[in-house]
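Since the structure comes first, as structure tokens, the remarks are kept for the end.
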Amino acid sequence: MSRDERAGGPATAATPGATGAPVPAFEAISLTRSYRLDGGVLVDALRGVSLRIGQGEFAAIVGPSGSGKSTLMHLLGCLDRPTSGTLRVNGVDVATLDDAGLADLRNRTIGFVFQSFHLLARTSALDNVALPLVYRGVSRAERRERARAALEAVGLGHRLTHRPSQMSGGEQQRVAIARALVGDPRVLLADEPTGNLDTRNGEEVMGLLERLNAGGVAVVLVTHDAEVAARARRQIRVRDGRIERDT
Amino acid sequence: MRTAEALRMAVEALRVNRLRSMLTMLGVIIGVLSVVILVAIGTGAKNAVEKEIAGLGSNIILVVPGQVGLGAAPTQSRLDLADVAYVRRVVGDPSKVTVAVNSGEPVRVGRVEVFATLTGTDENMPHVFDRPLRRGRYLTETDVDTRRRVVILGSEVAAKLFGDVDPIGRQVTIAGVRFRVIGVYETVGSTFGVARDQEVHLPVTTAQRLIGLPRINGIAVGASGPDEIEPLRRRVVAALDARYPGETFSAVTQTQLLGTIGTVLGMLTGVLAAIAGISLLVGGVGVSNIMLVSVRERTKEIGLRKALGARGRDILGQFLIEAVLLTTIGGVIGILTGVGGALLIQAVSPVPASITWWSIVLAFGVSAAVGVFFGVAPARRAARLDPVVALRTD
Ligand SMILES: Nc1ncnc2c1ncn2[C@@H]1O[C@H](COP(=O)(O)OP(=O)(O)OP(=O)(O)O)[C@@H](O)[C@H]1O
Ligand SMILES: [Mg+2]
């Protein structure tokens, strides 16, 4: 373990709240997010979303295109700040954090998986996976060791030195998942993780996410695929920037 | 993020775009190179002149009538040999005071005629100035007292008049008067455009008769040590002012000459360096430009890094280090080629070049500063990118 990893800090989670119940991974109260277009027109991407996602949950966010799913994911992932409303991540109100604090929260608490993988092109799988640990000040040796373990966990122990261009889409997405995992996050946010994959590779990725969830990591994914959504224990349906249904 | 890590990333980024990095560096290289070379040449020129001045001898004070300075009108000398004797008494050590009477005359041997600078002086000249003889002897007190018609030739005059023949004991004709050669000086080069190897020395008394005036042009005093120069200078000037109330006398020391010339050449070097510095600045603009392009190209990467937990200052550091690395590597290459170029110029041309450690340290410091200065704007732009927007760009 590195010297400063999980040493207290706002990201230390699962501390019982005042009621004694565990703190949820996400707690959103009336979140809105509007964008001002160049012409000055306001676009309300989210119009008041309230939800709770507990530790270790597996939730799918579904809804038509343009309904605000990605916007919601960005807010949950602390990549963006709400226009109004309150968001607590592991009990920490993100409004109290500055940009560096948010970056730290992302680094320690959240793992991202993107539809288009977002791997660094000229960089080996190992170094791609190790990247989040760079921003945590973990030593190089330890980074490599943990990245290797993460790649082995996603079944890519034999692809350590491969570059993204030398791997299949499914393999690339598994590298991205390994990268999301390497920092031991409490939540994994995946925006259409199977969107660019064929059925077989998509199946493999889903299996991986389920296994991770079984290991205690909360998984929130956005999907258009009903079959994928059906595998989640909870489905959150978004429409026009609001939650239409939550089952 | 650790600095070592940021450095590794920067090296990697520069390596990926090898050609582009090189071309960007080229601007900085040329700038640093010209600074190093021009400063070397300027310093070399200054050293050469200082060596010339020092070559006169040490601790010399030149006393001349009137005001010395640029634009000052030449003054008709009213000094004569009695004044030299007076200054000798003031100084105390008569051997440390010598005299000069100057005139330009043709010197002839048979059909060969050479135009030379005649300098009437005395037996103390070698005690004050550093003027080694190649052959023969210096003037003696008797030469001066008896107005002997003897001359000591500068090496160039001797070579032109006599070629390989030993001139000692031979005759030369100056203004119809025959002189016997008693010595030949070593080659000493020129000082302030005065070609000292084209001088012909003769007793001051003989020179005065030849010219037909009992005047002298100047008195030279040798101080016993560097600390003695200034008090002695003041004493001599005060004594002359007292003797001739209402008239001005100037006493110039080597230190003053060195100071004045050093200042002029220093300014010249500064101007040259500043002009070269402009090209360094242009190189910096190139770095800024390329860094902006790089930030744009890597917007997505920046977004990703932020999503994974990079703080604004991590991104800022990454790009700033990249810019500084570009300019410092360029700076080091520029210094090496500049030093090489200066040495080459030194070797193949008469231009003196002298490499100074401060110009190297300065060049390195400035190139690093250029990196910071021109890297900051692109790096800040990168650091401020909104991760969501950045991730979405392609
Ligand atoms: N940066 C932005 N500026 C302006 N409007 C935006 C911006 N980002 C999103 N929007 C708008 O917000 C709304 C929600 O967008 P969002 O990307 O969240 O939809 P989505 O549900 O993820 O759609 P899809 O399924 O197509 O990915 C859309 O109307 C979109 O045009
Ligand atoms: Mg979307």
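The values are calculated or read from the model by the stated rules, or taken from the named source; none is laboratory data. Here the structure is a predicted model, which is why all the values come from computation and not from measurement. Positions of Cβ are backbone-derived with ideal geometry, glycine not excepted, and every protein chain shown enters the neighbour counts. Just so you know, the surface numbers come from the protein's heavy atoms only, side chains and all, with ligands and any DNA or RNA stripped out. Shrake-Rupley method; radii C 1.70, N 1.55, O 1.52, S 1.80 Å.
Got at least one residue in segment B:261-275 being open to solvent by less than 30 Å² (accessible area, probe 1.4 Å), over 18 Å from residue B:16 (Cα atoms) and in contact with an Asp or Glu (Cβ under 8 Å, 6 or more places away or on another chain)? Checking segment B:261-275: at least one residue is open to solvent by less than 30 Å² (accessible area, probe 1.4 Å), over 18 Å from residue B:16 (Cα atoms) and in contact with an Asp or Glu (Cβ under 8 Å, 6 or more places away or on another chain).
May I ask you to verify whether residue B:303 is touching a Pro at 6+ places or on another chain (Cβ under 6 Å) and either of a type outside the set (Lys, Arg) or within 21 Å of residue B:373 (Cβ to Cβ) (or both)? The answer is yes for residue B:303.
For segment B:10-55, taking the residues that are open to solvent by 40 Å² or more (accessible area, probe 1.4 Å) and within 14 Å of chain A (Cβ to nearest Cβ), the one that is nearest to residue B:350 (Cα to Cα) is identified as B:18. Within segment B:277-292, residues that are in the same structural domain as residue B:25 (by TED's automatic domain parsing) have Cβ atoms under 6 Å from residues that are open to solvent by 40 Å² or more (accessible area, probe 1.4 Å) and β-branched (Val, Ile, Thr) in these pairs: B:279/B:30, counting only partners at least 6 apart in sequence or on another chain. Scanning segment A:44-92 for residues that are within 14 Å of chain B (Cβ to nearest Cβ) and more than 12 Å from ligand 2 (Cβ to nearest atom) returns A:46, A:75, A:76, A:77, A:78, A:79, A:80, A:81, A:82, A:83, A:89. With the structure loaded, tell me whether residue A:119 is open to solvent by 10 Å² or more (accessible area, probe 1.4 Å), out of contact with any Asp or Glu (no Cβ under 9 Å at 6 or more places or on another chain) and more than 16 Å from ligand 2 (Cβ to nearest atom) or whether it fails that test. It is true that residue A:119 is open to solvent by 10 Å² or more (accessible area, probe 1.4 Å), out of contact with any Asp or Glu (no Cβ under 9 Å at 6 or more places or on another chain) and more than 16 Å from ligand 2 (Cβ to nearest atom). Tell me yes or no: at least one residue of segment B:259-276 is in a loop (DSSP other than H, G, I, E, B) and among the polar types (S, T, N, Q). For segment B:259-276, residues in a loop (DSSP other than H, G, I, E, B) and among the polar types (S, T, N, Q): absent.
I need the full set of residues from segment A:99-116 which are open to solvent by 20 Å² or more (accessible area, probe 1.4 Å) and more than 8 Å from chain B (Cβ to nearest Cβ), in order please. Result: A:115, A:116. Annotation note: of A:95, A:149, the sole residue that is surrounded by fewer than 19 Cβ atoms within 10 Å (Cβ to Cβ), more than 14 Å from the chain's Cα centre (by Cα), more than 11 Å from every other protein chain (Cβ to nearest Cβ) and within 20 Å of residue A:212 (Cβ to Cβ) is A:149. For segment A:124-146, give me each residue that is within 21 Å of residue A:169 (Cα to Cα) and more than 8 Å from chain B (Cβ to nearest Cβ). Hits for segment A:124-146 are A:124, A:125, A:126, A:127, A:128, A:129, A:130.
Being open to solvent by 40 Å² or more (accessible area, probe 1.4 Å), within 30 Å of residue B:153 (Cβ to Cβ), aliphatic (A, V, I, L, M) and not assigned by TED's automatic domain parsing to the domain that holds residue B:138 holds for only one residue in B:258, B:213, and it is B:258.
Please state which of the following conditions residue B:297 fails to meet, knowing it meets all the rest: (1) within 14 Å of chain A (Cβ to nearest Cβ); (2) open to solvent by less than 40 Å² (accessible area, probe 1.4 Å); (3) of a type in the set (Asp, Glu). Of everything listed in (1) within 14 Å of chain A (Cβ to nearest Cβ); (2) open to solvent by less than 40 Å² (accessible area, probe 1.4 Å); (3) of a type in the set (Asp, Glu), residue B:297 misses just condition (2). Among residues of segment A:228-247 being out of contact with any Gly (no Cβ under 9 Å at 6 or more places or on another chain) and outside any strand (DSSP E or B), the one that is nearest to ligand 1 (Cβ to nearest atom) is A:229. Of the helices (runs of 4 or more DSSP H) contained entirely in segment B:105-193, those carrying at least 3 residues that are within 30 Å of residue B:85 (Cβ to Cβ) and either more than 29 Å from the chain's Cα centre (by Cα) or without any contact (Cβ under 8 Å) to a residue 60 or more places away in the chain (or both) fall at B:141-145.
Taking segment A:202-225, which residues are away from ligand 1 (no atom under 14 Å from the Cβ) and open to solvent by 20 Å² or more (accessible area, probe 1.4 Å)? Of everything in segment A:202-225, those that are away from ligand 1 (no atom under 14 Å from the Cβ) and open to solvent by 20 Å² or more (accessible area, probe 1.4 Å) turn out to be A:203, A:204, A:207, A:210, A:211, A:212, A:214, A:215, A:216, A:217. Name the residue that is surrounded by the fewest Cβ atoms within 10 Å (Cβ to Cβ), counting only residues in segment A:122-134 that are under 17 Å from residue B:307 (Cα atoms) and more than 17 Å from the chain's Cα centre (by Cα). My answer is A:127. A single member of B:32, B:39 is modelled with pLDDT under 90 and assigned to a helix (DSSP H, G or I), and it is B:39. A count restricted to segment A:152-168 and to residues that are over 22 Å from the mean Cα position of the chain (by Cα) and among the hydrophobic types (A, V, I, L, M, F, W, C) stands at 2. Taken over segment A:162-196, the criterion of being open to solvent by 10 Å² or more (accessible area, probe 1.4 Å) and within 16 Å of ligand 2 (Cβ to nearest atom) is satisfied by A:191, A:192, A:194, A:195, A:196. For residue B:204, the conditions (1) more than 18 Å from residue B:125 (Cα to Cα); (2) touching a helix residue (DSSP H, G or I) at 6+ places or on another chain (Cβ under 7 Å) all hold with the exception of (1). Here residue B:7 does not qualify as within 14 Å of chain A (Cβ to nearest Cβ), open to solvent by less than 40 Å² (accessible area, probe 1.4 Å) and either out of contact with any Phe, Trp or Tyr (no Cβ under 7 Å at 6 or more places or on another chain) or polar (S, T, N, Q) (or both).
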